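Undergrad: If you scroll down you'll find the structure; I have some questions about it.
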Amino acid sequence: MEAELSLNPDIPKTQTKRLAVRISSVSKQFGKGEQAVKALQGITWDVAAQEVAMLVGPSGCGKTTLISVVAGILNADQGSVSIFGESITAMSDRYKTKYRAKNVGFVFQQYNLLPALTAAENAAVPLLIQGVPRLKAVKEASELLGQLGLGKRIHARPNQLSGGQQQRVAIARALIHKPKILVCDEPTAALDHETGMIVMKLIRELAVSDDRAVIVVTHDNRIFPMGDRVAHMDDGHIESIVDGSGRPIPAMIDIP
Ligand SMILES: Nc1ncnc2c1ncn2[C@@H]1O[C@H](COP(=O)(O)OP(=O)(O)OP(=O)(O)O)[C@@H](O)[C@H]1O
Ligand SMILES: [Mg+2]
C-alpha cells in the first residue's frame, strides 16, 4: 500500500508500509470440554513499522490474549506470529525469554509492578536485566518518569502511588529500553485526558523514531484518532480494520 503522492512539502511523499508484525491464523482456547473458551479464533492481522496500531472491542473479546501471544507471553494453539521476520511462535522458551527482555515492552492491564522496588527501580528493570549499571539505569528511569510527570515520586513504592501514577511507572518500564515492539494494554485507562495525551505522545514518538511496532489495546475513544490502524475485535475474531479516519483497510500489508 502506498499513500498518494502529495504536492504539500510538509507531508512525506511516499509512505511505503514496512511490515513489522504478522499475525497469521492465530487461535487460542482456554480450558477443555464444557468449560472451553475460544479466546482467539483464527486471527490474521499485520502491523506496520512506525505506526500506532490499536486493538479495540468489548470486554472478554480476546484483546489481552492476542497481545500476550504477540509478545510471546502466551503460546498460541495454532497459527504464527512473526516480528520483523522472526517467528516468535517458533522460538524455544529459553531464546524467547532472552528475546523478550531485549526487544519487547509490555504495559500490563494490571501494571504488575514489583512492590519492593521504588518507582525508578521498577522502571529501570529492563535496563538492569540487560546489564546496564544500576546508577545509570535508575538515572535514566528517573528522567523518563520526570517526562511522565512523576519526577517527585521516583522514590515511592507502588503501594504509595495512585493508580494513574502506577500506570505511568508501568509505561516507563515498557519504554525505557526502546523495545522493537511495544504492546500496551489499556495504557490510558487510569489517566486524565491531559496525562493520557502525554503518554500517547511518548508512545507515538517511540513508534516513529525507528522501525518499531506499537500495539495499543484501548477502550478510550479519546485516543482512537492517534491510531494509524485500528482493529475491531469481537468474540475472538477481528471484525474490521480501519485507518485513523475510519476508512476500511486490508488485514495484510503488501510486501514489496
Ligand atoms: N487464563 C485464562 N483461563 C481461562 N479463560 C481465560 C483466561 N484468560 C482469559 N480467558 C478468557 O478468554 C476470553 C478473552 O479474555 P481476554 O482477557 O483476552 O479479554 P479482553 O478483551 O482483554 O477483555 P477486557 O477488555 O475485559 O480486558 C474471556 O472470555 C476470558 O474469560
Ligand atoms: Mg484485557
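The values are calculated or read from the model by the stated rules, or taken from the named source; none is laboratory data. Just so it is clear, the model here is predicted, and its values are computed rather than measured. We place every Cβ from the backbone using ideal geometry, glycine too, and count neighbours over all the protein chains shown. Only protein heavy atoms, including side chains, enter the accessible area calculation; ligands, DNA and RNA are left aside. Shrake-Rupley method; radii C 1.70, N 1.55, O 1.52, S 1.80 Å.
Undergrad: What number of residues within segment 59-104 satisfy the criterion of being of a type in the set (Ser, Thr, Tyr), under 19 Å from Val214 (Cβ atoms) and in contact (Cβ under 8 Å) with a residue 24 or more places away in the chain? Step through it out loud before you land on a result.
TA: So in segment 59-104, the residues of a type in the set (Ser, Thr, Tyr) come out as 59, 64-65, 68, 80, 82, 87, 89, 92, 95, 97, 99.
In the following step, the residues that additionally are under 19 Å from Val214 (Cβ atoms) were identified as 64-65, 68, 82, 99.
Within this subset, residues satisfying the condition of being in contact (Cβ under 8 Å) with a residue 24 or more places away in the chain are 64-65, 82, 99.
Of the residues in that region, 4 qualify.
Undergrad: Scan Arg173, Arg134, Arg153 and give me the residue that is among the basic types (Lys, Arg) and closer than 26 Å to Gly72 by Cβ.
TA: Working: Arg134 fails: closer than 26 Å to Gly72 by Cβ; Arg153 fails: closer than 26 Å to Gly72 by Cβ.
Of Arg173, Arg134, Arg153, the one residue that is among the basic types (Lys, Arg) and closer than 26 Å to Gly72 by Cβ is Arg173.
Undergrad: Same structure again: Would you point out the residue of segment 37-74, among those that are more than 12 Å from ligand 1 (Cβ to nearest atom) and not aliphatic (A, V, I, L, M), that is most open to solvent (accessible area, probe 1.4 Å)?
TA: Taking the candidates together, the pick is Gln50.
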